[in-house]
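K.L.:
Handing you a structure now.
Only the coordinates and a few stated rules stand behind these numbers; no lab work does. It should be emphasised that the depicted structure is a prediction, and the values quoted were computed from it without experimental measurement. Cβ placement follows ideal geometry from the backbone for every residue including glycine, while neighbour counts extend to all protein chains displayed.
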Ligand SMILES: Cc1cc2nc3c(=O)[nH]c(=O)nc-3n(C[C@H](O)[C@H](O)[C@H](O)COP(=O)(O)O)c2cc1C
Ligand code: PXP
């Protein structure tokens, strides 16, 4: 027992354990284990206090070891639709049926004219053969990026079904009429919110933001107009990739590439 304590002493010296605390830690091990306690660095503990007696430093190896094995139906060229939008529809339906929360949440990556990248989540609000539509503040960081560099990449991260979809393309603003139709379909609070938020600008405080919201709600108690700084963007795909996780990181990646005669389907190395 003494040798064990000495070894532990040297490991945990920096938390100032006394030998009697270590003995206590070792004695309580069996009873703590029986009571369903957690194991921490060789000592079981049940209470927050006991936890502090042993080394509770997060262990980097557990992060490096964090991984999931992917295994699924193979994704074969022959199974894919001839057109990527039809394939997207199928996968979107499957993501929704699988219960993925907010399956229309997608990462949008943009870059400034100077090539400084940034990414954030936005919601997909419509798509057709012209492209994928989301709504935002045109004066936000993404809005400014897209004004000077009209290219973007979208990513749907559907981890739960071991899939991702990537869309790379050029970007244009949708018409004011189309934006207005969507804006007017949003809940009243979100419409006032769009007016109240100078998106991506620094604000002095939460109070200032709330005061601005209240002021604008008082100004338009019913139907706020459509802000001219708010609206939709459409990402016109040049490439669309469908990724399905497979065993040993030998994933399936099938990419549609737009060419003058039509979409070309290619397999990419995982
Ligand atoms: C699930 C989710 C959905 C979001 N949807 C949108 C959206 O549709 N439009 C939008 O402008 N911001 C949306 N946001 C907020 C953005 O991620 C981002 O914080 C904001 O647009 C400012 O980004 P920017 O400064 O890079 O322009 C969403 C955030 C989350 C977490
Ligand atoms: C700032 C912002 N704008 C727009 C949206 C999209 O929301 P809605 O579905 O109301 O258009 C969101 C969703 O989180 C958001 O955070």
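K.L.:
Sticking with the crude label model, points 7 Å out along Cα→Cβ, report the distance from residue 259 to residue 86 in nm, one decimal please.
P.N.:
1.9
K.L.:
Quote the FRET efficiency, to the nearest 0.05, computed for residue 66 versus residue 203 with a Förster distance R0 of 35 Å and r equal to the Cβ-Cβ distance.
P.N.:
The formula returns an efficiency of 0.45 here.
K.L.:
Among 116-122, 161-167, 211-217, how do they line up from the highest to the lowest mean number of other beta-carbon atoms within 10 Å?
P.N.:
The densest-packed peptide leads the list: 161-167, 211-217, 116-122.
K.L.:
Using a 10 Å cut-off on Cβ atoms, rank the peptides 137-146, 245-254 from the highest mean neighbour count down.
P.N.:
So the peptides 137-146, 245-254, ranked by packing, come out 137-146, 245-254.
K.L.:
Something else: I'd like the Kirkwood hydrodynamic radius of the stretch 77-267, using the inverse of the mean 1/r over distinct C-alpha pairs, in Å.
P.N.:
That comes to 18.3 Å for the stretch 77-267.
K.L.:
May I ask you to order 196-202, 74-80 by the average number of other C-beta atoms within 10 Å around their residues, highest value first?
P.N.:
The packing order, highest mean first, is 196-202, 74-80.
K.L.:
Could you list the residues of the stretch 191-231 with an amide nitrogen less than 12 Å from a label point located 7 Å from the Cα of residue 139 in the Cα-to-C-beta direction?
P.N.:
From the stretch 191-231, the list is 195-202, 227-230.
K.L.:
So, one more: What distance in nm separates the simple spin-label points at residue 220 and residue 105, each placed 7 Å from Cα in the Cβ direction?
P.N.:
Using points 7 Å along Cα→Cβ, the separation is 2.7 nm.
K.L.:
Sticking with this structure for a sec: Could you compute the FRET efficiency for residue 268 and residue 175, with r as their C-beta to C-beta distance and R0 at 35 Å, rounded to 0.05?
P.N.:
0.50
K.L.:
Right, something else. Between the stretch 157-218 and the stretch 64-90, what is the C-alpha centre distance in whole Å?
P.N.:
Centre-to-centre (Cα) distance: 30 Å.
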